[in-house]
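Participant: I'd like to ask some things about the structure below.
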Amino acid sequence: MLDQDIASAMQGWRHDLHAHPETAFTERRTSDVVAARLAEDGYEVHRGLAETGVVGTLRNGDGPAIGLRADMDALFIEEKGSVPHVSRHPGKMHACGHDGHTTMLLGAARQLARSRNFRGTLHVIFQPAEENEGGGRRMIADGLFERFPCSEVYGLHNWPALPLGRFAINRATMMAAFDTFEIVVTGHGCHGAMPEAGIDPLVPAAQILLALQTIVSRRLSPMDQAVVSVTQVHGGDTWNVIPDSAVLRGTARSMSPRVQDEIEARMRELVRSIAEAHGAVAHLTYERRYPATINAPAAADKAARAARAVVGDDRVVTDCQPSMASEDFGFMLERLPGAYIFMGVADELHRASLHNPLYDFNDSALEIGAAFWVKLVEQVLPA
């Protein structure tokens with residue numbers, strides 16, 4: 001489905017991006033590469049949304065407009081692999097495959113610019129800062145869909161849990177909402193040998209940590225999928241002093257706004273009541289980072305049809321389990337109907353999980369992913 005020169009060139013493009021990883025809102029070299037390649041292929045190139053975002057527009061007659069999105073940013077991870085294209089930037093690496101995502105969309109963009117086998121307008125959206133910093137939200141706030149109106153928007157993520165050459169999707173929630181929390185418990189410090197002279201914040205903090213686990217197990221329905229995890233505990237710095245305060249931090253994941261609301265409400269109740277029972281004061285900061293990534297059923301069906309056209313009916317799962325990981329593509333799906341699909345990349349040489357220092361995107365998946373994008377555009381915007 002791709003011209004051979006495009007299929008051959010993509011590996012070199014991907015290796016170049018992998019060797020030069022850039023993290024949230026610093027993707028300047030990456031943006032330059034993307035913008036230059038789109039300009040070569042005749043796209044209208046727009047820059048500056050969310051600082052380093054790039055949008056390429058290709059018009060081919062009257063018809064609807066759709067958006068295809070790829071993320072560009074890397075992670076703060078020290079790469080441990082020994083591939084020739086290993087990261088040249090210490091402490092940064094493409095451990096989530098965004099180098100592959102960018103390359104696949106660039107390959108598809110070139111193919112579609114040549115073939116023009118569609119009717120309408122195509123917007124290819126290269127987004128910065130997917131990892132933690134909400135680059136998708138920033139692009140929307142900067143007028144993404146006002147400047148580039150779309151009837152639908154689509155996203156894709158490589159998935160090491162799936163074998164190479166397979167796709168997975170469902171008609172509802174694909175990935176969880178991502179929330180963070182910080183709980184500061186304040187008491188009154190004193191000598192460790194005389195706890196009665198103060199208010200120990202560590203005891204209510206410990207009870208809060210354990211009580212938070214009952215939100216999912218006892219306050220939500222067993223039919224509701226959710227996770228509450230405390231990932232940091234800080235308090236005190238010496239052997240014989242009860243500190244003034246203790247801090248708990250962590251993340252909550254859920255599959256719907258209703259469950260998201262319930263988790264926050266129950267957390268506030270527990271934090272306040274446990275602290276008060278010990279004479280302490282607790283303050284909860286609860287931040288909703290990313291919404292759940294929820295597919296529109298009709299768009300999910302279109303994505304599945306395109307995937308089947310590329311790899312065959314028996315290699316596309318259409319009722320996959322959602323992941324408790326999160327994606328800021330959810331912001332785009334809050335604004336427009338669309339779909340997000342997983343693409344398998346696992347084989348004998350590529351088994352490392354996402355966000356692992358040994359991860360490297362499987363080059364064998366590049367042509368498959370680009371072909372999926374091409375087929376999706378041709379089917380959604382038929383010539």
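Read-outs: derived from the displayed coordinates by stated rules, not from any lab. Not measured: the values here are computed from a predicted model. Quick reminder, even Gly has a Cβ in these numbers, built from the backbone with ideal geometry, and neighbours come from all protein chains shown.
Participant: Using a cut-off of 26 Å between alpha-carbon atoms, which lysines can reach residue 302, once sequence neighbours fewer than 8 places away in the same chain are excluded?
Facilitator: Residue 302 reaches 375.
Participant: Output wanted: per-residue J couplings in Hz (rounded whole) for segment 58-69, from phi through Karplus 6.51 cos²θ - 1.76 cosθ + 1.60, θ = phi - 60°, x for Gly and Pro.
Facilitator: Karplus-based 3J(HN,Hα) across segment 58-69 equals 10, 9, 9, x, 6, x, x, 10, 10, x, 10, 10 Hz.
Participant: Please compute the modelled spin-label separation between residue 76 and residue 261, points set 7 Å along Cα→Cβ, answer in nm with one decimal.
Facilitator: Taking the simple label geometry, residue 261 and residue 76 are separated by 3.5 nm.
Participant: Another question about this same structure. Mind listing which trypsin sites (Lys or Arg not before Pro) in segment 41-139 are in a DSSP loop and have 15 or fewer other Cβ atoms within 10 Å?
Facilitator: 80, 88, 116, 119
Participant: What fraction of the DSSP beta bridges in the chain is antiparallel, stated in percent and rounded to the nearest 5?
Facilitator: DSSP beta bridges in the chain are roughly 70 percent antiparallel.
Participant: Same structure, new question: What is the ratio of the Cα radius of gyration of segment 177-290 to 2.2 N^0.38 Å, with N the residue count, to two decimals?
Facilitator: 1.13
Participant: Give me the percent relative contact order of the chain, please, defined on Cα pairs under 8 angstrom at least 6 residues apart.
Facilitator: 24
Participant: Can I ask one more? Given H placed 1.01 Å from N in the peptide plane, which residues other than close sequence neighbours of residue 132 have an amide H under 5 Å from its amide H?
Facilitator: Counting only residues 5 or more places away or on other chains, the set is empty.
Participant: Within the chain, which is the longest segment that contains none of the GluC sites (Glu not before Pro) sitting in a DSSP loop with at most 15 other Cβ atoms within 10 Å?
Facilitator: That would be 79-347.
Participant: Something else now. Find how much the distance from residue 249 to residue 47 grows on full extension, using 0.36 nm per residue of separation minus their present alpha carbon separation; answer in nm with one decimal.
Facilitator: The residue 249-residue 47 span can extend by a further 69.1 nm.
Participant: Additional query: Sort out for me the Cα centre separation of segment 66-130 from segment 304-376, rounded to whole Å.
Facilitator: One Cα centre to the other: 13 Å.
Participant: Scan around residue 25 for amide H atoms under 5 Å from its own, H built in the peptide plane at 1.01 Å from N, and keep only partners 5 or more places away or cross-chain.
Facilitator: 129
Participant: Thinking of the chain as a set of Cα atoms, what percent of all their pairs are more than 42 Å apart?
Facilitator: 20
Participant: For residue 229 and residue 86 in one chain, what is 0.36 nm times their gap in residues minus the Cα-Cα distance, to one decimal in nm?
Facilitator: 48.2 nm
Participant: May I ask you to evaluate 6.51 cos²θ - 1.76 cosθ + 1.60, the Karplus curve with θ = phi - 60°, for each residue of segment 342-355 and list the ³J(HN,Hα) values in order in whole Hz, giving x for glycine and proline?
Facilitator: My calculation for segment 342-355 gives 9, 10, x, 9, 7, 8, 4, 9, 10, 10, 5, 7, 4, 6 Hz in order.
Participant: Calculate the spin-label point distance for residue 239 paired with residue 141, positioning each point 7 Å from the Cα along the beta-carbon direction, and give it in nanometres.
Facilitator: Rounded to a tenth, the inter-label distance reads 4.9 nm.
Participant: Using the Karplus curve 6.51 cos²θ - 1.76 cosθ + 1.60 with θ = phi - 60°, work out ³J(HN,Hα) for each residue of segment 209-226 in order, rounded to whole Hz, and write x for Gly and Pro.
Facilitator: 4, 5, 5, 4, 5, 7, 4, 6, 7, 10, 10, 10, 5, x, 7, 8, 8, 7
Participant: Shifting gears a bit: I want to make sure I understand the PRE zone here: with the label point 7 angstrom from the Cα of residue 334 toward its beta carbon, which residues in segment 277-300 have backbone N atoms less than 14 Å away?
Facilitator: Inside the label zone: 287-294.
Participant: Size of the dipole of the chain about the Cα centre, Lys and Arg at +1 and Asp and Glu at -1 on the beta carbon, nothing else charged, in debye to 20?
Facilitator: 780
Participant: For residue 379 and residue 348 in one chain, what is 0.36 nm times their gap in residues minus the Cα-Cα distance, to one decimal in nm?
Facilitator: The span from residue 379 to residue 348 would gain 7.9 nm if fully extended.
Participant: May I pose another question? Note down the nm distance, to one decimal, between modelled labels 7 Å out along Cα→Cβ at residue 283 and at residue 4.
Facilitator: Spacing of the two 7 Å Cα→Cβ label points: 6.7 nm.
Participant: Between residue 225 and residues 5 or more places away or on another chain, which pairs have amide H atoms under 5 Å apart, with H built 1.01 Å from N, and which residues are they?
Facilitator: Answer set, sorted by chain and number: 255.
Participant: Check cross-link reach from residue 80 to the lysines: straight Cα distance under 23 Å, and skip same-chain residues fewer than eight apart.
Facilitator: Straight-line reach from residue 80, under 23 Å: 92.
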